[in-house]
Amino acid sequence: SAVVVFPEGSTWCGRAQGYFRRAAFQAALDADVPVQPVRLLYRFDEGPASTAPAFVGSDSLLTSVWRVVSARRLVAEVRVTPVLTPDAGTDRRAMARTAQRALGLPTGEHPDLPARP
């Protein structure tokens, strides 16, 4: 079986992006199972990123879905990266950072968390 997690712990408008929360990776480490980083991007056909599918604020799911199905030239791009297999020394901080790096996302610390000494 598989479990899907959105490790940013929030929604974003499509232009901004957050940092992965380390806790989202703890279950995989506890179960000693691999992690498959996947990134979903929405953009206009041959154009820039789109905020049409954004699900933020007080939007309802129905409102968000309606924007997606009614948007013209909207393309969903799925990027699947190699599976990350934790080893004995991997902690959730390292796993989160490795997953972010694999997806081409910034790997700095989450701004709401204290920096690691």
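State yes or no: is PRO7 under 12 Å from the mean Cα position of the chain (by Cα), modelled with pLDDT of 80 or more and open to solvent by less than 50 Å² (accessible area, probe 1.4 Å)? It is false that PRO7 is under 12 Å from the mean Cα position of the chain (by Cα), modelled with pLDDT of 80 or more and open to solvent by less than 50 Å² (accessible area, probe 1.4 Å). When restricted to residues that are buried (at least 17 other Cβ atoms within 10 Å of the Cβ) and touching a strand residue (DSSP E or B) at 6+ places or on another chain (Cβ under 8 Å), the range 54-73 contains 0.
Quick check: anything in the range 48-58 assigned to a loop (DSSP other than H, G, I, E, B), touching a residue at least 40 places away in the same chain (Cβ under 8 Å) and in contact with a Cys (Cβ under 8 Å, 6 or more places away or on another chain)? Checking the range 48-58: at least one residue is assigned to a loop (DSSP other than H, G, I, E, B), touching a residue at least 40 places away in the same chain (Cβ under 8 Å) and in contact with a Cys (Cβ under 8 Å, 6 or more places away or on another chain).
When only residues in the range 10-67 that are charged (D, E, K, R) and closer than 24 Å to THR98 by Cα count, which is modelled with the lowest pLDDT? Out of the qualifying residues, it is ARG15.
Inside the range 27-70, can you point out the residues that are within 18 Å of the chain's Cα centre (by Cα), of a type in the set (Val, Ile, Thr) and more than 30 Å from ASP91 (Cβ to Cβ)? Correct list: THR51, VAL56.
Scanning the range 74-105 for residues that are open to solvent by 50 Å² or more (accessible area, probe 1.4 Å), within 19 Å of PRO7 (Cα to Cα) and assigned to a loop (DSSP other than H, G, I, E, B) yields a total of 5.
The values are calculated or read from the model by the stated rules, or taken from the named source; none is laboratory data. Quick caveat, the model's predicted, so the values are computed rather than measured. For neighbour counting, all protein chains shown are included, and Cβ atoms are generated from backbone atoms with ideal geometry for every residue, glycine included. The accessibility values were calculated without ligands, DNA or RNA, using every heavy atom of the protein model including side chains. Shrake-Rupley method; radii C 1.70, N 1.55, O 1.52, S 1.80 Å.
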